[in-house]
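Q: This is the structure I want to talk about, given as structure tokens.
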Amino acid sequence: MQIKSAVFNMSARNLEACPDWNRPEFAFIGRSNVGKSSMINMLTNKDGLAKVSATPGKTQLLNFFVINEAWSLVDLPGYGYAKVAKSEKINFNESVGDYIEQRENLRLVFVLIDSRLPPQPIDLDFITWLAGCAAPFALVFTKADKQSVGKTQACISNFIASVSEFLSEAPPVIISSSKTRDGRVEILKSIEQHLRD
Ligand code: GTP
Ligand code: MG
């Protein structure tokens, strides 16, 4: 699939403020700093379209980008970021929860996982919650450029073993890097497939 145009449309602070349209939406979620905004820029070939920052917590609103005037990529605020952690409970924006649970336009959620880390409880907790929602999801292992292929594969095997304890079916897995552009074709293919369904 070709990306012919990619335009920022709006930021929403909650579900009610999301755009009133019938475009299919593909959302990116994951821990703060995992690379969600960078991935949107890589997919659209537009540096700076989504705001990237080395400081976690950059994306605070639900940001909608219109692609090919037909469908939308949604950059969601990251989970697990709290300046004052009140508890060890997973901290994710209430609007993100409402969006994923209730947004009818949502076709697929890409859950971004740092490919360098052993399974993080916060990611496992999030996926446990997500599995109870209707939206289908795929796992995208990010920043693969930062280590060897062997190490990435070992991390993914570990992660899949952890999620298979509570998921009845293994989710699709994509390896990505916003630096080398690995995973771009696979992500766009899965979007294309869900646009057709
Ligand atoms: P929040 O909006 O804070 O939730 O973060 P985010 O998930 O949108 O992450 P963002 O795209 O802002 O990237 C965070 C940092 O990681 C930035 O310094 C990026 O340059 C860097 N980064 C993102 N993706 C990659 C990647 O694939 N490879 C490398 N080497 N660095 C990356
Ligand atoms: Mg971001």
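The values are calculated or read from the model by the stated rules, or taken from the named source; none is laboratory data. Remember, predicted model here, so these are calculated numbers, not experimental data. Virtual Cβ from ideal backbone geometry, glycine too; neighbours counted across all protein chains shown. Side chains included, ligands, DNA and RNA excluded: accessible areas come from the protein's heavy atoms. Shrake-Rupley method; radii C 1.70, N 1.55, O 1.52, S 1.80 Å.
Q: Ala54 - would you say it is buried (at least 16 other Cβ atoms within 10 Å of the Cβ), part of a loop (DSSP other than H, G, I, E, B) and modelled with pLDDT under 95? Before you say what the answer is, go through the steps one by one.
A: Working: buried (at least 16 other Cβ atoms within 10 Å of the Cβ): no; part of a loop (DSSP other than H, G, I, E, B): yes; modelled with pLDDT under 95: yes.
When the stated conditions are applied, Ala54 does not pass them.
Q: If a residue has to be in contact with a strand residue (DSSP E or B) (Cβ under 9 Å, 6 or more places away or on another chain) and either in a helix (DSSP H, G or I) or not small (Gly, Ala, Ser) (or both) to count, how many in region 1-26 make the cut?
A: Looking only at that region, the number is 17.
Q: Report the residue count in region 181-197 for those that are part of a loop (DSSP other than H, G, I, E, B) and loosely packed, with under 13 Cβ neighbours inside 10 Å.
A: 1
Q: Restrict the check to region 38-48 and report whether at least one residue is open to solvent by less than 30 Å² (accessible area, probe 1.4 Å) and more than 15 Å from ligand 1 (Cβ to nearest atom).
A: No: region 38-48 contains no residue that is open to solvent by less than 30 Å² (accessible area, probe 1.4 Å) and more than 15 Å from ligand 1 (Cβ to nearest atom).
Q: Can I ask one more? Mind checking which residues of region 135-171 are loosely packed, with under 14 Cβ neighbours inside 10 Å and either touching a residue at least 60 places away in the same chain (Cβ under 8 Å) or part of a loop (DSSP other than H, G, I, E, B) (or both)?
A: Within region 135-171, Gln147, Ser148, Ser164, Glu165, Phe166, Ser168, Glu169, Ala170 qualify.
Q: Turning to a different aspect of this structure: Return the pairs, sorted by first residue and then second, in which the second residue is modelled with pLDDT of 95 or more and within 11 Å of ligand 2 (Cβ to nearest atom), the first residue lies in region 30-47 and is more than 23 Å from Leu117 (Cβ to Cβ), the beta carbons are less than 9 Å apart, and the residues are 6+ apart or on different chains.
A: Filtered contacts from region 30-47: Lys46/Ile40; Asp47/Asn41.
Q: If a residue has to be open to solvent by 50 Å² or more (accessible area, probe 1.4 Å) and either charged (D, E, K, R) or assigned to a helix (DSSP H, G or I) (or both) to count, how many in region 118-130 make the cut?
A: So the answer is 4.
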